[in-house]
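The values are calculated or read from the model by the stated rules, or taken from the named source; none is laboratory data. None of the values given here were measured: they were computed from a predicted structure. Virtual Cβ from ideal backbone geometry, glycine too; neighbours counted across all protein chains shown.
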Amino acid sequence: MALGIEDYGLISDCYSAALVGRDGSIDWLCLPHYDSPSMFGALLGTEEQGRWLLAPAEPRATSARHYDGETTVLVTRWLTSEGEVEVTDFMPAADDRATVIRRVRGISGTVRMHVAIRIRFGYADALPWVRLQKEGTENVLLAVAGGDSAVVRGLELEADGNSHVADFTVAEGEVVDMSLSWFASHTSPPEPPKVDALLKGTKKWWTEWAERCQYEGPYREAVVRSLITLRALTFTETGGIVAAATTSLPEEFGGERNWDYRFVWLRDASMTISVLLRHGYVGAVDHWRNWLLRAVAGDPADVQIMYGLKGERYLGERELPSLPGYQGSSPVRVGNAAYKQFQADVVGEVMLALQEARQAGIKETEFSWELQKALVTFLEKHGDRPDSGMWEIRGRPRYFTQSRAMVWAAYECAARGVRDFGLDGPVEHWEELRDQTRRDIETKGYDAKKKTYTQYFGTSEVDSSLLQLPQIGYCAPDDPKMLGTVAAIEKDLMHNGLPLRYRTKKSVDGLPPGEHPFLACSFWLVEQYARSGRLADAHELMSRLLGYANDLGLLSEEYDPVVHRQVGNTPQALTHLTLVRAAEAIAKASEPEAPSPQRVGKPKSKSTSGSRSKSGTQRKAVKKGKGTSGSKVERKSK
């Protein structure tokens, strides 16, 4: 059975990624790309679905692991009664891609090691034809099924049912290397990897990338690891950024909220680009912008909320009977039907990211501003209709308040492109649409009785996505209406001190109730606390959240604070980018007379000019302990 989600570490070549368990088993690997069918799928089943185990033969062996500096090179130190060994796992950051290398180095004594490799292509649906043969003086394993092939080098393996196994010893100072390389079955196997050079080059590549990080504030180690993780989820070939490295890790164990996140959401990618841009990674903006131009090329009416790694438009969703699911949670899905949804907020996220690029001095290309004008035209024609929201509900579309605020942001960014940067466009018309959108939000998306913005027009329910309103400049963090919204979130959505996305028992998502706190929402709350004068609460919640990261600093989509385990797809780009934003907000709030950062400038309505003191509702919540990271608030729904 698969380990806990927090028990896995990520290695990546920025084309794909593998999950390595603390037991020494690679339980998830899709080659050659993130969204390719798995060849090791034990994460979503058992070893029958494919895995690569490399660990001491002694059952009582213990391990500790870390990344080799600021890289994705994973080092696991094993201690046994016979001695000590070190296993280094990595995917080369070079042309030798679609390769996983595992190096065993003897530290002391003589340790017996065991290898068991079971390759199952096509999401465990294809049992390959496997043969052992000589390659010069070396014994290699070749596996073939359909268009997929793999070559395994380094040890002489023998068949054991559908697995191939080997036992070997490593003495102090000895090194044993194993490698697996994927290649198309109609081509010849790649040359044996030059492990020393590849390991050195991979560590150098990641170290130099991380050294460009310009952040020097609190929680720096977590920020740098999060930025590295975001880069590890970025497809080098095109610049597309996947939402996570996995599919179908459950949001509710035993439930059906199991989705494929190995695609490029415009929303998540836009937020990632904003974070990377603010920390010195300017080149990532051009790369992603070029991907965006290709992906949405054509009629703006055909714009989607998400695409494949290379801009593929069809992401048809289906269920896989060949994978039984993570610890029995089924169904396992590949593809994602949400690509067909209308989500009104997406254009706003794209426009915000490109506005930040302009503010950073990145020049528009011949086509980039034309793309933005086309997106705004699309929004003008289609944006005034109900949508599925950023949580991709599968129930009836609504006028979600967060979506409407993002529509406001899209028009604001377009207008500022003209006013501040001399670009061409009908600025007065865009400003009129922007102001009308604000009027709609204030009259239909605000509950004056509860003193809170609402999940959607016509309800009194709240939603943690509303925490984004100050982030995009729609209102100030200390606006009384925003403070009232925070108080309502603390009252209605907190579960063991962490905010849920919304109350699923009263939700509109068309699915059975039940999920765990969404970590991005918690980091948004940290940011809100920091920017509204609640710095102690921000630090307290931030420290608690970082405590939920695994020993490698990785976080998944959600967290169960009762059972104390990570939940959902991993590692999650949205979680890590919101972690970086939260740390930034704390850093700015810790500076004397620090101004509140806003993505599109100061709000332009009187309702945004509240004082920095807490509202009466908020003071009451703080006094009772609501909303602080250590508080225990009764949960009203699962």
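Points worth noting:
- Screening Ala269, Ala344, Ala295, Ala353 for residues that are crowded, with 18+ Cβ neighbours inside 10 Å, touching a strand residue (DSSP E or B) at 6+ places or on another chain (Cβ under 6 Å) and over 24 Å from Ser16 (Cβ atoms) leaves exactly one candidate, Ala344.
- Whenever a residue of region 452-475 is without any contact (Cβ under 8 Å) to a residue 40 or more places away in the chain, its partners that are of a type in the set (Lys, Arg), lying with C-beta atoms within less than 7 angstrom and at least six residues away or across chains, give the pairs Ser460/Lys450.
- Residue under evaluation Glu216, criteria (1) among the charged types (D, E, K, R); (2) at pLDDT below 95; (3) in contact with a strand residue (DSSP E or B) (Cβ under 9 Å, 6 or more places away or on another chain), criterion not met: (3)
- Residue list for region 459-484, filter: in a helix (DSSP H, G or I) and under 22 Å from Leu574 (Cα atoms): Ser464, Ser465, Leu466, Leu467, Gln468
- Scanning region 159-175 for residues that are surrounded by 13 or more Cβ atoms within 10 Å (Cβ to Cβ), assigned to a strand (DSSP E or B) and not aliphatic (A, V, I, L, M) returns Ser163, His164, Phe168, Thr169.
- Scope region 383-394; condition crowded, with 17+ Cβ neighbours inside 10 Å and touching a Gly at 6+ places or on another chain (Cβ under 7 Å); matching residues: Ile393
- Arg51 among the basic types (Lys, Arg), under 16 Å from Thr99 (Cα atoms) and outside the structural domain of Ser330 (by TED's automatic domain parsing): yes
- Some residue of region 134-142 being surrounded by fewer than 19 Cβ atoms within 10 Å (Cβ to Cβ), within 25 Å of Gly41 (Cα to Cα) and hydrophobic (A, V, I, L, M, F, W, C): yes
- Residues that are of a type in the set (Lys, Arg), assigned to a strand (DSSP E or B) and surrounded by 19 or more Cβ atoms within 10 Å (Cβ to Cβ) within region 84-116 comprise Arg102, Arg103, listed in sequence order.
- Test: residue in region 504-516 that is at pLDDT below 95 and either aliphatic (A, V, I, L, M) or touching a His at 6+ places or on another chain (Cβ under 6 Å) (or both): yes
- Restricting region 395-425 to residues that are in a helix (DSSP H, G or I) and aliphatic (A, V, I, L, M), the residue that is surrounded by the fewest Cβ atoms within 10 Å (Cβ to Cβ): Val418
- Some residue of region 120-139 being aromatic (Phe, Trp, Tyr) and not in a strand (DSSP E or B): yes
- Considering residues of region 1-29 that are farther than 19 Å from Asp551 by Cα, surrounded by fewer than 23 Cβ atoms within 10 Å (Cβ to Cβ) and not hydroxyl-bearing (Ser, Thr, Tyr) only, the residue modelled with the lowest pLDDT: Met1
- When Ser81, Ser63 are checked against the criterion of being among the hydroxyl-bearing types (Ser, Thr, Tyr) and either in a strand (DSSP E or B) or buried (at least 20 other Cβ atoms within 10 Å of the Cβ) (or both), a single residue qualifies: Ser63.
- Qualifying residue in region 387-394 (condition: in the same structural domain as Arg439 (by TED's automatic domain parsing) and not in a loop (DSSP other than H, G, I, E, B)): yes
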